[in-house]
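Worksheet for the structure shown next.
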Amino acid sequence: MKQSIFLQILVICLIVFGWNIFHLAYNYQRNYYDTQLSEKPMILISPYAAMFNALEAQIDTFRSVDFIVVESDSVIAEMLIESYDLGSASDLIGDFNLPSIMKIYLNGKYYDLKQKTDLENIISSGYPEIVINYDDKYWHDTQQKNSVLFRSYLFGNIFLIVFLLIISVFLRLHFESRSNEYWRVFKNSGGNLRLRKKKYWQNSFLICFIPILLAVGAYYGLKYFKFLPIDMDVRFFVGEFIFILLSVLISRIILGKHI
């Protein structure tokens, strides 16, 4: 009896740990795409630096806007002189009316189609003199990659949920059926079969909680010792617990009066 419960817990632990690795792999890849997108700022060019002050106040509330850097014409002139060793031509460069530049660094996690459209509409409609320089193709490619990644993640979760339910229910029914002879002898010897129901729910408690507690402990242990740089939403553990509990209830319904 104890061996059967241990085996069920072990199998469910392996499935749960594999599921968590799947979650982490998805988060890692999604973070990678978002980080790559965040490293490509939107560059705005305007001959009027004052425009950027008004624009910055307008778009600062966008959650997709991470931070903003404004480079005035004087700063750009200094950068040109330093980058190309144009010290002798500094007076000449100072005579040119160089444009000012605003770099908008975006949070790739939130910079979706709606945020992109709203941001570009504010700039183009309110500040037509500003020239927008942004790699739209790279943004579009990243959105496609995220879309494919999310679909794969969704189908993977569905598969793992079904797999967990099938394996958990099958193992429970298998071992409960194998114990029928033991409980038949127990009953004929004058034992109370209520003990079987009690044992069923005691074992169910272990099956539900031990895998999740081990998974949570492993996750926070790795986070504490800084072996795991990726975060995972704790709601995933709640979801895993719910599906393990569901397998217990399904098994109980199928067993019916046998317990």
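The values are calculated or read from the model by the stated rules, or taken from the named source; none is laboratory data. Bear in mind the structure is a predicted one, so any value in this text is a computation, not a measurement. Counting neighbours? That spans all protein chains shown, and the Cβs are built from the backbone with ideal geometry, glycine included.
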Does VAL216 satisfy the condition of being surrounded by 15 or more Cβ atoms within 10 Å (Cβ to Cβ) and without any contact (Cβ under 8 Å) to a residue 40 or more places away in the chain?
-> yes
If we scan the stretch 1-24, do we find a residue that is farther than 30 Å from GLY239 by Cβ and at pLDDT 90 or above?
-> no
When you look at LYS116, is it surrounded by 13 or more Cβ atoms within 10 Å (Cβ to Cβ), assigned to a helix (DSSP H, G or I) and touching a Phe, Trp or Tyr at 6+ places or on another chain (Cβ under 6 Å), yes or no?
-> no
Flag if PHE236 is over 26 Å from LEU7 (Cα atoms) and either modelled with pLDDT of 95 or more or not in a helix (DSSP H, G or I) (or both) | no
